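K.L.:
Shown below is the structure under consideration.
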Amino acid sequence: MKNIIKSLLLIFFLTISCAKDDSVNNGLNNSNYTFKQQVGYSANDILSNNKFTDIYIEVMYVDGFKPSAETLTNLKNFIGSRTYKSNIIIEERLINIVLKPVYSMEDVRSIEDANRSIFSFENQLAISALFLNGKSTSDTDTTTILGTSYRNTSFVIFEETIKTTANNILGSSKITLESTVVLHEFCHLLGLVNLGTNMVVNHEDVSHSAHCTVENCLMYYLIENGKNIGHWVKDTQIPQLDAYCIDDLRANGGK
Ligand SMILES: [Zn+2]
Ligand SMILES: [Zn+2]
């Protein structure tokens, strides 16, 4: 009798394991679309409607660090103005993770892997956007990291650092700062600068790769750095892409 119960338990356990594995495999098989490539790999797929007509942004945030609704509207409008996606869906979800004061990129990848629930499938391209407390392990005396794009469809925003930085800049609103950083990171996923989207005219900052030489462009390198961003985001004006960056996007299937 004992053995039968043991066997039943084992079968039951195996069934659960199989069911779980199947669900994961199905999700990936349906999509067949890789999400662990380098930043810029999906530039054309995000910009054009060749492979995907729709885009779905899964915004995951930890308690107390939800992005502003206005920022997500700004992102939606930006995607509408620069890509050929017919439907732009942005959904927010609170995630429960063990909070840390400082996160490495390895931590960030693990958090995405454990929590991301939307993957590209059929006509919909999925993007993962993570909003965290705490700060980046790459912060130094002269650099505070506000956000980082780290995979072909993934970026992280250090929301607590954004809040702190916004408080330190006279006359800058958190929404403007947050929108600027979100758009900047999203543009890295669009392959800017020279990061999967070829340059029409050479304008990559050779000292700060993947960034633009034009100082008032959204893709200027200091925009990611909380120590310097005050110079760029002084009021309610979000820096725009300059003509070089826009030309690159257009040449790679965007608007
Ligand atoms: Zn950047
Ligand atoms: Zn530019």
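The values are calculated or read from the model by the stated rules, or taken from the named source; none is laboratory data. Since we're looking at a predicted model, the values are computed, not measured. We place every Cβ from the backbone using ideal geometry, glycine too, and count neighbours over all the protein chains shown. Areas reflect the complete protein model, heavy atoms only, side chains present, ligands, DNA and RNA absent. Shrake-Rupley method; radii C 1.70, N 1.55, O 1.52, S 1.80 Å.
K.L.:
Any residue in the stretch 101-113 that is β-branched (Val, Ile, Thr) and assigned to a helix (DSSP H, G or I)?
P.N.:
Yes: the stretch 101-113 contains one or more residues that are β-branched (Val, Ile, Thr) and assigned to a helix (DSSP H, G or I).
K.L.:
Does the stretch 221-228 include one or more residues that are open to solvent by less than 10 Å² (accessible area, probe 1.4 Å), of a type outside the set (Phe, Trp, Tyr) and within 29 Å of ASN115 (Cβ to Cβ)?
P.N.:
Yes.
K.L.:
Which count do you get for residues in the stretch 138-161 that are in contact (Cβ under 8 Å) with a residue 60 or more places away in the chain, in contact with a Phe, Trp or Tyr (Cβ under 9 Å, 6 or more places away or on another chain) and either in a strand (DSSP E or B) or among the aliphatic types (A, V, I, L, M) (or both)? So that I can check it myself, show each step before the final result.
P.N.:
Going through the stretch 138-161, the residues in contact (Cβ under 8 Å) with a residue 60 or more places away in the chain turn out to be 142-154, 157, 159-161.
Retained after the next criterion (residues that are in contact with a Phe, Trp or Tyr (Cβ under 9 Å, 6 or more places away or on another chain)): 144-149, 151-154, 157, 159-160.
Remaining after also requiring either in a strand (DSSP E or B) or among the aliphatic types (A, V, I, L, M) (or both): 145-149, 151, 154, 157.
Here the count works out to 8.
K.L.:
Now, a different point. Which is part of a loop (DSSP other than H, G, I, E, B), within 15 Å of ligand 1 (Cβ to nearest atom), modelled with pLDDT of 95 or more and not small (Gly, Ala, Ser), of MET199, MET219?
P.N.:
On the way: MET199 fails: within 15 Å of ligand 1 (Cβ to nearest atom).
So the residue among MET199, MET219 that is part of a loop (DSSP other than H, G, I, E, B), within 15 Å of ligand 1 (Cβ to nearest atom), modelled with pLDDT of 95 or more and not small (Gly, Ala, Ser) is MET219.
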